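The values are calculated or read from the model by the stated rules, or taken from the named source; none is laboratory data. Just so it is clear, the model here is predicted, and its values are computed rather than measured. Here the Cβ is made from the backbone with ideal geometry for all residues, glycine too, and neighbour counts use every protein chain on show. Note: accessible area is taken over every heavy atom of the protein model, side chains too, but ligands, DNA and RNA are not part of it. Shrake-Rupley method; radii C 1.70, N 1.55, O 1.52, S 1.80 Å.
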Amino acid sequence: MEFLIVRFAMKLLIAPWGNPFEWRGVKYTYSGKTKKSKDPLALIKEIEKPDKIVIVVLDTLADTLLKNGIDNYSHNWLSNYSYIKTEIQRKVSDFCQKELGFVPDKVIISYGFGEFIKTKFLGNAKDFYYDVFKEFSFLFAELEINREIEVVFDATHGINWITILTYRALREILEILSYFYSVNLKVLNSDPFVREGADLLNINIIEETKILPKISVYKDDKRPIEPYNELEDDKEKEKVGKEINDFFKEIFGNIKKYSEYRDEILLFLGSFYFALPVALLSYIPDPKDLRTKIEKISDEFEKNIQIDNRGEKVQILRKLEFRESFVNFSKAYLISSVLEKLRFRKSYEIPLSEIEELKGKVFGKLAIECNRIDVEIKEVSELKYKLSEEYQIYAKIKFGSFRDEIDKRNFFAHAGFEYNSIELKKDICNGKKKDEIYIKIRAQSVEKIKQLIIQDLQQI
């Protein structure tokens, strides 16, 4: 689904839901207006006028569809996991249209766990967080955002861990987007519903804040998907593990190439995290290629969801689990997508003017990082009359000599402009000197820089 609306401020209304098919109509009041509805979204939509509405639900809603006899296909639609999602999507959209007067722009159906009346869902509880993070990264990467994002998050009908993990994923996404845009978050929650209590429920603002830039990056030696750790059958776990090995060989060529790709993603995220503009622009991944890989990994995950209809209860077993590398891929996709929209692309020879532009558009809200980069830009600019049209090592230009060693403290303290690890040249066109200076990482320093950045990330 593509979102192509361009406005000064893009507003989204996002809500995690429990089981909408068992809700009762009550009167809600918000911002001076009152409306009777089975969910506050109908009234919130009238007041907030969002551009997009997104609802997050669990695949465990399949139990309610079976229990209430809502499905018209007996157990046939439970023979394939994609049918489960399709049926839930249809029923949630129908509910919204019939009861709330709108059709949501997106319904995210993610992974639940637990034993219910008709079904039993087995799998890692954290799969929900990783999947929702991916869905949010895709959603916001598709939006055509001008300068500002407003998100209204309604927590009224989200239940316990669903609300926590949806809010966590959303907040982390918004903190990343805050590097590039002005981002505001409003969180709503209505008064609790009591059957014998008040007949008018207030929709309360429980948080209203401007989101500040922040990103967390963790190293994980595991692949984005691994065999579910609690698979009881050792032979089955071994079989699944072999199939996943074959899958990654098919996608990346071999395990070594996967490890190299994972490290490239960590190098890019680490450059962003540590605000190292030369390294960041040198290692931007191709967002289209990265999204394709994420989608293939997600498809493989769902291919390994086993449905067993033989017992009294339908058992849905996820034989794989997501790991931190998966969310790293999603973060890298979101960041590289936004950078591409801002016209930043991977380059090994980087104009100094582009670094200055990157500083303003990406790190402009970070005073310390901005100041550090400004100092380095000024120092490089002052050498322009000493530069030739051939690349020379920064240290040799400035001090007359250089060392092959890279000082770790200097590398991070100087925002990656470490004297011995980068080379400079000036651009000459038609014999006339131009002010443009180009920077690139010295070939002999590439591996050491990778090592410095990745080693300084926290291991999970």
Here's a check for you: in region 328-373, which residue that is under 24 Å from VAL446 (Cα atoms) and among the basic types (Lys, Arg) is most open to solvent (accessible area, probe 1.4 Å)? ARG345
Looking for whichever is in contact with a Leu (Cβ under 9 Å, 6 or more places away or on another chain), free of Cβ contacts under 8 Å to residues at least 60 places away in the same chain and among the hydroxyl-bearing types (Ser, Thr, Tyr) here; the options are THR156, THR209. Which one fits? THR209
Just to be sure I understand the filter: pairs with C-beta atoms under 8 Å, separated by 6 or more residues or on different chains, first member in region 385-401 and free of Cβ contacts under 8 Å to residues at least 12 places away in the same chain, second member in a loop (DSSP other than H, G, I, E, B) and open to solvent by 70 Å² or more (accessible area, probe 1.4 Å). Which pairs pass? LYS396/PHE402
So for region 421-435 (the condition being open to solvent by less than 60 Å² (accessible area, probe 1.4 Å), touching a residue at least 40 places away in the same chain (Cβ under 8 Å) and on the phi > 0 side of the Ramachandran plot), does at least one residue qualify? no
Boolean, LYS120 is open to solvent by 10 Å² or more (accessible area, probe 1.4 Å) and either in contact (Cβ under 8 Å) with a residue 12 or more places away in the chain or closer than 15 Å to ASN19 by Cβ (or both): yes
Among the strands (runs of 3 or more DSSP E) contained in region 135-222, which hold 3 or more residues that are in contact with a Ser or Thr (Cβ under 9 Å, 6 or more places away or on another chain), open to solvent by 20 Å² or more (accessible area, probe 1.4 Å) and at pLDDT 95 or above? 182-190, 200-210
How about region 39-49: which of its residues are open to solvent by 30 Å² or more (accessible area, probe 1.4 Å) and either closer than 22 Å to LEU143 by Cβ or modelled with pLDDT under 95 (or both)? LYS45, ILE47, LYS49
Lone unmet requirement of (1) closer than 23 Å to SER298 by Cα; (2) acidic (Asp, Glu); (3) surrounded by fewer than 20 Cβ atoms within 10 Å (Cβ to Cβ) for ASP127: (3)
Looking at TYR391, TYR438, which one is at pLDDT 95 or above, among the hydroxyl-bearing types (Ser, Thr, Tyr) and more than 36 Å from the chain's Cα centre (by Cα)? TYR391
Could you list, in sequence order, the residues of region 374-399 that are in a helix (DSSP H, G or I) and open to solvent by less than 50 Å² (accessible area, probe 1.4 Å)? GLU376, ILE377, GLU379, VAL380, SER381, TYR394, ALA395, ILE397
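Kindly provide the set of residues from region 296-340 that are of a type in the set (Phe, Trp, Tyr) and in contact with a strand residue (DSSP E or B) (Cβ under 8 Å, 6 or more places away or on another chain), ordered by number.
PHE301, PHE322, PHE326
Table: residues versus (1) part of a strand (DSSP E or B); (2) under 29 Å from ASN328 (Cβ atoms); (3) at pLDDT 90 or above.
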site: ASP71; (1), (2), (3): no, no, no
site: SER74; (1), (2), (3): no, no, no
site: TRP77; (1), (2), (3): no, no, no
site: ILE88; (1), (2), (3): no, yes, yes
site: GLN97; (1), (2), (3): no, no, yes
site: ILE117; (1), (2), (3): no, no, yes
site: LYS120; (1), (2), (3): yes, no, yes
site: PHE128; (1), (2), (3): no, yes, yes
site: VAL132; (1), (2), (3): no, yes, yes
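Table: residues versus (1) open to solvent by 50 Å² or more (accessible area, probe 1.4 Å); (2) closer than 17 Å to LEU452 by Cβ; (3) under 15 Å from the mean Cα position of the chain (by Cα).
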{"residue": "SER282", "(1), (2), (3)": "no, yes, no"}
{"residue": "PRO287", "(1), (2), (3)": "no, no, yes"}
{"residue": "LEU290", "(1), (2), (3)": "no, no, yes"}
{"residue": "LYS293", "(1), (2), (3)": "no, no, yes"}
{"residue": "GLU300", "(1), (2), (3)": "no, no, no"}
{"residue": "LYS303", "(1), (2), (3)": "yes, no, no"}
{"residue": "ILE307", "(1), (2), (3)": "no, no, no"}
{"residue": "GLN315", "(1), (2), (3)": "yes, no, no"}
{"residue": "ARG323", "(1), (2), (3)": "yes, no, yes"}
Taking GLU349 as meeting all but one of (1) within 21 Å of LEU452 (Cβ to Cβ); (2) touching a strand residue (DSSP E or B) at 6+ places or on another chain (Cβ under 9 Å), write down the number of the exception. (1)
Criterion violated by LEU143 - all others in (1) under 19 Å from ASN304 (Cα atoms); (2) of a type in the set (A, V, I, L, M, F, W, C); (3) out of contact with any helix residue (DSSP H, G or I) (no Cβ under 9 Å at 6 or more places or on another chain) satisfied: (1)
TYR228 surrounded by 14 or more Cβ atoms within 10 Å (Cβ to Cβ) and over 22 Å from the mean Cα position of the chain (by Cα): yes
Restrict the check to region 402-411 and report whether at least one residue is open to solvent by 60 Å² or more (accessible area, probe 1.4 Å), assigned to a helix (DSSP H, G or I), without any contact (Cβ under 8 Å) to a residue 60 or more places away in the chain and out of contact with any strand residue (DSSP E or B) (no Cβ under 8 Å at 6 or more places or on another chain). yes
